[in-house]
1. From the residues in the range 49-59 that are part of a helix (DSSP H, G or I) and either of a type in the set (Phe, Trp, Tyr) or surrounded by 11 or more Cβ atoms within 10 Å (Cβ to Cβ) (or both), which one is farthest from the chain's Cα centre (by Cα)?
2. Please verify whether Pro77 is assigned to a loop (DSSP other than H, G, I, E, B), at pLDDT 95 or above and either in contact with a Phe, Trp or Tyr (Cβ under 9 Å, 6 or more places away or on another chain) or surrounded by fewer than 11 Cβ atoms within 10 Å (Cβ to Cβ) (or both), treating the condition exactly as stated.
3. Across the range 90-106, what is the number of residues that are modelled with pLDDT under 95 and either within 16 Å of Gln53 (Cβ to Cβ) or outside any strand (DSSP E or B) (or both)?
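The values are calculated or read from the model by the stated rules, or taken from the named source; none is laboratory data. These numbers were taken from a predicted model, which means no experiment stands behind them. When we count neighbours, we look across all protein chains shown, and the Cβ atoms used for this are built from the backbone with ideal geometry, even at glycine.
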Amino acid sequence: MPRLRLTAAATAALLPLSACAADSAPPPAQSMPPLPGVEPDCGAEKLGAYVGQRATDAVMAAIREWRAGHPVRVLRPGSVVTMDYRPDRLNVDLDANGVIKGFRCT
């Protein structure tokens, strides 16, 4: 009998805490205003002619020159990347052979 009372008391004490967990969900993501001097996108849609080409030094130099100092990140299979969102950063996706698969802004 004492064990039953102890279990009931413990359950009654912990029950209100379960309600707290439901209220602790993170707020929904909100879009951030653009930073001053940061392009709203990286122009990835303009680079389709490079898809299928090898990412040679000359090709990458041409892309970096076109970007005029804005960030360019080359991503190979298995690359470790940060999860920060930067709409002005151009990501160059390569396959295992160093061929450009596509471009995206993040």
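1. Selected residue: Val59.
2. When the stated conditions are applied, Pro77 passes them.
3. So the count comes out to 1.
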